[in-house]
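What follows draws every value from the coordinates through simple rules; no lab data is involved. Keep in mind that what you see is a predicted model, and the values were worked out from it rather than measured. Note that we place each Cβ from the backbone using ideal geometry, even for glycine, and neighbour counts take in every protein chain shown.
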Amino acid sequence: MEKSHNNDLISNWLTLTQIQINVANQLEASLQQKYQLSLNEFYLLLFLSEAPEKKLKLQQLESMVGLSQSAVSRLVSRFEAKGCGALKRIACHNDRRSIYTSLTSIGQDKLDKAKVTFEEVLVTVFPENQIKQLLQHMPYA
């Protein structure tokens, strides 16, 4: 019985992972096509928009976006290189070694438009009923 339960648990986990990958791929494709935004760039804009004063240190963005410090730094640099004016860097007054990444009004506007597409894709491709069924069979700690 234990072995069967473990196999079901693994199978459910793999199904959830596959759903997440499929939804993320659809989100990425739609954001790229309509706004030339990667999914991580969208998350970057989203987290900045929700932050106090719409700014965060790179170290804070690491855990939020789920990337290493160097990957977040490259993400911000590539975003800035696009020249769209969505982000700006601000030196920290308390610690000159720290730099904030800040969302501009252009970035907020870009995010607001992209959120509409993000939500449309989720409504279309996110299998809510299937997720609920899978979660009912997953143990909670």
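Worth a mention:
- Residue list for region 102-119, filter: in contact with a helix residue (DSSP H, G or I) (Cβ under 9 Å, 6 or more places away or on another chain) and touching a residue at least 12 places away in the same chain (Cβ under 8 Å): Ser102, Leu103, Thr104, Gly107, Gln108, Lys110, Leu111, Lys113, Ala114, Lys115, Thr117, Phe118
- Restricting attention to region 103-141, the residues that are part of a helix (DSSP H, G or I) and hydroxyl-bearing (Ser, Thr, Tyr) total 3.
- Single residue of region 47-101 satisfying the filter (assigned to a loop (DSSP other than H, G, I, E, B) and in contact with a Lys or Arg (Cβ under 8 Å, 6 or more places away or on another chain)) that is surrounded by the most Cβ atoms within 10 Å (Cβ to Cβ): Ala86
- Checked against (1) without any contact (Cβ under 8 Å) to a residue 60 or more places away in the chain; (2) surrounded by fewer than 16 Cβ atoms within 10 Å (Cβ to Cβ); (3) touching a Phe, Trp or Tyr at 6+ places or on another chain (Cβ under 8 Å); (4) under 30 Å from Glu128 (Cβ atoms), Glu41 passes all but a single condition, namely (2).
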